[in-house]
Amino acid sequence: MNNKNKVILITTILGVLGAGTAAGASGFTAKVTGLLRGDMKVTVDGQATSMKPVVINGQVYLPARAEAEALGYTLNYSGSKRSISIDKKDEGIPAVDPETHLRNTGVIVGIGKMDDSRYQVELLGQGDDRWILLNVDGDTVIKNSDGSKAAVKDLKAGMKVTAEYGPIVAKSYPGQSHAASLTLGSQTLIREDVIQDVQHTSDGWVVKFGEAKGGTLIATLTVTSGKETSVLTAEGQPVSWEDVKAGQKVRVYYGSNDTDSKMPEGPLYYMVMLDGNSSNDSGALTEDQVKTFQDLAWKQIASNSTVITAKKDAKVERIAAKEVSLMTTTEAQKKDLETLQAAGSQVVTVSFNTKQDALLGPLVLAFNPDTQVFLGYFPRK
């Protein structure tokens with residue numbers, strides 16, 4: 001129990017809590033006379049109570065137990081210790097109104113620290129918000145599946161969670177919102193590897209990882225899809241199983257850490273396509289390219305006083321152009337984006353956090369990966 005919420009009343013006070021209390025000769029108690037005022041009404045937060053006050057020497061006193069309970073405390077009397085303890089009731093975990101919040105179930109991709117009191121959780125989930133960033137702060141209720149309290153330190157990559165957030169979701173890329181509550185589920189296992197074989201069976205899709213020796217596949221892990229399995233791009237876009245091929249690099253969330261982490265088989269929950277074509281990560285940017293796009297983006301936003309991300313820490317990545325909706329300012333930018341989308345090409349995005357992220361989401365800029373021309377900003381609301 002928190003000492004800040006505990007009040008100890010020594011028995012010398014007991015004499016003033018009742019009228020005409022008898023006393024011993026020890027000097028620790030005294031006889032007092034008071035007037036019971038049944039005609040006075042006592043309310044707490046506007047609600048009537050049954051308490052009857054006692055007036056002693058012009059001071060009004062209330063029954064300790066009834067008063068404590070009316071104010072949200074509990075009273076415990078110890079005869080052996082000759083004391084009364086008044087403790088704040090355990091309010092438990094506050095409820096979140098499901099009618100005013102959105103709900104999503106998914107798996108944590110990563111957790112980042114925004115400042116001393118705020119964190120950002122990247123979630124791959126279901127529905128419209130398959131890929132979303134959730135801001136977690138002191139107002140976020142974090143609990144285990146059994147209802148017991150949990151904390152930010154309990155959040156891990158690969159953990160299943162049910163999130164309640166919003167109701168406002170910033171129209172950034174990815175979307176961003178405030179997490180009202182996070183209910184923690186089981187911890188999945190994570191593996192990044194190249195698919196060696198994929199087959200469709202009567203039980204679902206079976207994906208195998210391992211290595212080929214002498215023309216024979218030596219499987220080191222086999223995962224099987226189920227009704228709840230989701231196959232997504234790294235940006236949360238759905239992928240058809242027919243487009244999953246051997247040779248593709250993926251990240252799989254499977255099984256559970258309740259079992260042996262070296263198990264050769266397990267149920268598949270999420271599979272994230274890291275490369276659409278082969279094990280060679282041809283879409284990855286070199287360190288020099290990352291720095292170049294960070295410099296280009298910084299020139300666009302250097303005068304923005306709300307930016308809190310340092311230039312060298314800006315997140316740079318490539319995403320499919322067809323998934324992009326930008327705020328362009330010139331006809332040339334609009335045509336450039338349409339050309340990239342028609343060709344099935346990619347764009348480079350550079351993301352900065354700002355002081356306005358809680359309402360608007362991060363500041364994200366897009367560039368043509370070949371010409372390095374600025375294309376526009378992602379909508380923030």
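The values are calculated or read from the model by the stated rules, or taken from the named source; none is laboratory data. All figures in this text were calculated on a predicted structure; none of them were measured in a lab. Backbone-built Cβ (ideal geometry, glycine too); neighbour counts: all protein chains shown.
So for the stretch 331-339 (the condition being in a strand (DSSP E or B) and either surrounded by 13 or more Cβ atoms within 10 Å (Cβ to Cβ) or of a type in the set (S, T, N, Q) (or both)), does at least one residue qualify? No: the stretch 331-339 contains no residue that is in a strand (DSSP E or B) and either surrounded by 13 or more Cβ atoms within 10 Å (Cβ to Cβ) or of a type in the set (S, T, N, Q) (or both). The requirement of being free of Cβ contacts under 8 Å to residues at least 24 places away in the same chain and part of a loop (DSSP other than H, G, I, E, B) is fulfilled somewhere in the stretch 120-138, by at least one residue.
Of the residues examined, Glu69 is not one that is at pLDDT below 75 and either closer than 30 Å to Gln176 by Cα or in the same structural domain as Glu228 (by TED's automatic domain parsing) (or both). Of the residues Ala180, Ala150, Ala170, which single one is of a type in the set (A, V, I, L, M), surrounded by 15 or more Cβ atoms within 10 Å (Cβ to Cβ) and under 22 Å from Ser325 (Cβ atoms)? Result of the check over Ala180, Ala150, Ala170: Ala170.
When each of Ala157, Ala180, Ala163 is tested for being outside the structural domain of Gly266 (by TED's automatic domain parsing) and part of a loop (DSSP other than H, G, I, E, B), the lone residue that passes is Ala157. Which ones in the stretch 187-208 are touching a residue at least 60 places away in the same chain (Cβ under 8 Å), crowded, with 16+ Cβ neighbours inside 10 Å and not hydrophobic (A, V, I, L, M, F, W, C)? Across the stretch 187-208, the qualifying residues are Gln187, Thr188, Arg191. Within the stretch 123-142, being surrounded by fewer than 19 Cβ atoms within 10 Å (Cβ to Cβ) and under 14 Å from the mean Cα position of the chain (by Cα) holds for Asp137, Gly138, Asp139, Val141. Checking each residue in the stretch 309-330 for being under 26 Å from Glu287 (Cβ atoms) and loosely packed, with under 14 Cβ neighbours inside 10 Å picks out Ala310, Lys312, Asp313.
Might you check whether a residue that is surrounded by 15 or more Cβ atoms within 10 Å (Cβ to Cβ), over 20 Å from Asp128 (Cα atoms) and outside the structural domain of Tyr119 (by TED's automatic domain parsing) occurs anywhere in the stretch 209-218? Scanning the stretch 209-218, I find at least one residue that is surrounded by 15 or more Cβ atoms within 10 Å (Cβ to Cβ), over 20 Å from Asp128 (Cα atoms) and outside the structural domain of Tyr119 (by TED's automatic domain parsing), so the answer is yes.
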